[in-house]
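The values are calculated or read from the model by the stated rules, or taken from the named source; none is laboratory data. Fair warning: this is a prediction, and the values are worked out from it, not measured in the lab. Glycine gets a Cβ as well: all are built from the backbone with ideal geometry, and neighbour counts include every protein chain shown.
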Amino acid sequence: MKSDPCSRRLFLGAAAWGGLAWAAGKCLASPGAFFIEEPVSGAVLNHRQGRQSDAGLEIEVRGVAPLEQEVAVNGQPARRAGNAFRAAVTLREHENEILAVTEGFAGRQEHRVRVIWDRNSRPRYRFSIDDNSFFLRDIVQKQYASLFDCWYLAMLRDLNKKYGTKFVLNIYFTTGDDFDLTQFPDRYKSEWADNADWLKLAFHARADKPDRPYQHASPQQLAADFDAVAEQILRFAGEPAYSPPTVIHWGMVLPGVLPVLRDRGVRVLSGYFQKIGGLWDVNYHFDAERSEYLSRHDAWMDFASGIVFSRVDIVCNSVPVENIVPTLAPLTEDPNTAEIMDIFTHEQYFWPFYHRYLPDHPQRLETAVRWLTEQGYQPVFFHEGFLGVPV
């Protein structure tokens, strides 16, 4: 059974989703409805979604308007067919406004959306690893002469040497037992700096437990934990090795917390945007409409916070080696998911003492990055430029 379009738009909310809620007292799906349907406000568009030239990115704008009313989009007449309208618009700036206007019995109606043109987009991938703490404890306990005497970092360096892969390691303040970041020495600082072009450290949470620590946390709590981890990273690794976090533990924070993250340099946050147990989850409390949109698009710009939200394409510890490529390959065939790959895994599955240890975990990572490299994807850090490319 199809969902009721009126209830879907009402649930969406005007403030949350580019103004698509109720217009002139009528449901947007009614015969008198007027709105831009595609692209949605916050869409991140690249050459795969239009025709790019020196003049800009030409895209098609689609929407709904009352029958027999003329519609202009960015000042140009739109084509009509029934209650649908279409128009070609050329995006010329990084951030662009699209304005649709019609005049009719209800007077002048307008609908505006803002979209991002990823002007310098190219096929790229970002690799981040969550829940890191064990490798730091291992280095402290073993007192290695080099960071890369730790087999975990040596493995990541091997992948970097073979494929150029860049990694962001989201770390905890403490393992929850006998180790915290204050114990990590600063004598490796020059080595961190020497490898900062491909290896970064970032905040993830204070500790692994409890689960979902920031799902309903105050801005003050998240800020305190964030600053405690950032302070230690800067102390022992230095600014070159520091990165904003790629994801907050469990991918759930309240909307009122986003300014705290923005003020601390966060420009991109990743999430699953999947239905888990029938509910959208690991989605930063987004409503169903935005979660569903992100479930089938690379990214979406939240203009309210200034943060881009990226959909994780694969969690390597959850996908057997033989399924890595079959999971990634279909994404390359859809223009909405083909350009940017957000690759992800968790540290604990590398360690034999962990109860869910995966002996083939390194092979899963190499299978993913090898295949992406063969397909022409280049490694990036999302916090550099716009999703890893110049603006």
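Of a type outside the set (Phe, Trp, Tyr), in contact with a strand residue (DSSP E or B) (Cβ under 6 Å, 6 or more places away or on another chain) and assigned by TED's automatic domain parsing to the domain that holds LEU328: which single residue out of ASP158, ASP131 fits that description?
That would be ASP131, the only listed residue that is of a type outside the set (Phe, Trp, Tyr), in contact with a strand residue (DSSP E or B) (Cβ under 6 Å, 6 or more places away or on another chain) and assigned by TED's automatic domain parsing to the domain that holds LEU328.
Being hydroxyl-bearing (Ser, Thr, Tyr) and part of a strand (DSSP E or B) is the filter here; which residues of the stretch 39-69 pass it?
At the first step, the residues of the stretch 39-69 found to be hydroxyl-bearing (Ser, Thr, Tyr) are 41, 53.
Hit for the stretch 39-69 is SER53, nothing else.
Restricting attention to the stretch 178-197, does a residue exist that is among the β-branched types (Val, Ile, Thr) and buried (at least 19 other Cβ atoms within 10 Å of the Cβ)? Walk me through how you get there before you give the answer.
Going residue by residue through the stretch 178-197, those that are among the β-branched types (Val, Ile, Thr) are 182.
So of that shortlist, the ones also buried (at least 19 other Cβ atoms within 10 Å of the Cβ) come out as none.
Checked the stretch 178-197: no residue is among the β-branched types (Val, Ile, Thr) and buried (at least 19 other Cβ atoms within 10 Å of the Cβ).
Working only within the stretch 361-377, note down all residues that are of a type in the set (D, E, K, R) and surrounded by 13 or more Cβ atoms within 10 Å (Cβ to Cβ). Can you show your working first?
Keep residues of the stretch 361-377 that are of a type in the set (D, E, K, R), which gives 364, 366, 370, 374.
Residues satisfying the conditions are ARG364, GLU366, ARG370.
Which is acidic (Asp, Glu), in contact (Cβ under 8 Å) with a residue 40 or more places away in the chain and farther than 23 Å from PHE303 by Cβ, of ASP54, ASP130?
ASP130
Being touching a strand residue (DSSP E or B) at 6+ places or on another chain (Cβ under 7 Å) and assigned to a loop (DSSP other than H, G, I, E, B) is the filter here, so list the residues in the stretch 70-80 that pass it.
Within the stretch 70-80, GLU70, ASN74, ALA78 meet the criteria.
Out of all the residues in the stretch 295-339, which are assigned to a strand (DSSP E or B) and in contact with a Gly (Cβ under 8 Å, 6 or more places away or on another chain)?
Passing the criteria: TRP300, MET301, ASP302, PHE309, SER310, ARG311.
Taking interchain pairs and intrachain pairs at least six residues apart, which have beta carbon atoms under 9 angstrom, with the first residue in the stretch 75-86 and in the same structural domain as GLU110 (by TED's automatic domain parsing) and of a type in the set (D, E, K, R) and the second part of a loop (DSSP other than H, G, I, E, B) and surrounded by 14 or more Cβ atoms within 10 Å (Cβ to Cβ)?
If the second residue must be part of a loop (DSSP other than H, G, I, E, B) and surrounded by 14 or more Cβ atoms within 10 Å (Cβ to Cβ), the pairs left are ARG80/ALA65; ARG80/GLN69; ARG86/ALA78.
Say we look at the stretch 127-175 and pick out the residues that are of a type in the set (Gly, Ala, Ser) and over 28 Å from the mean Cα position of the chain (by Cα); which of these is surrounded by the most Cβ atoms within 10 Å (Cβ to Cβ)?
Among those residues, the one meeting the criterion is SER146.
What are the residues in the stretch 41-69 that are loosely packed, with under 15 Cβ neighbours inside 10 Å and modelled with pLDDT under 95, if any?
Across the stretch 41-69, the qualifying residues are LEU67, GLU68.
Please go through the stretch 311-346 and pick out each residue that is closer than 22 Å to LEU387 by Cβ and either aliphatic (A, V, I, L, M) or at pLDDT below 95 (or both).
The answer is VAL312, ILE314, VAL315, LEU328, ALA329, LEU331, ALA338, ILE340, MET341, ILE343.
List the number of the failed condition for ARG157; all other conditions in (1) part of a loop (DSSP other than H, G, I, E, B); (2) of a type outside the set (Asp, Glu); (3) modelled with pLDDT of 95 or more hold.
(1)
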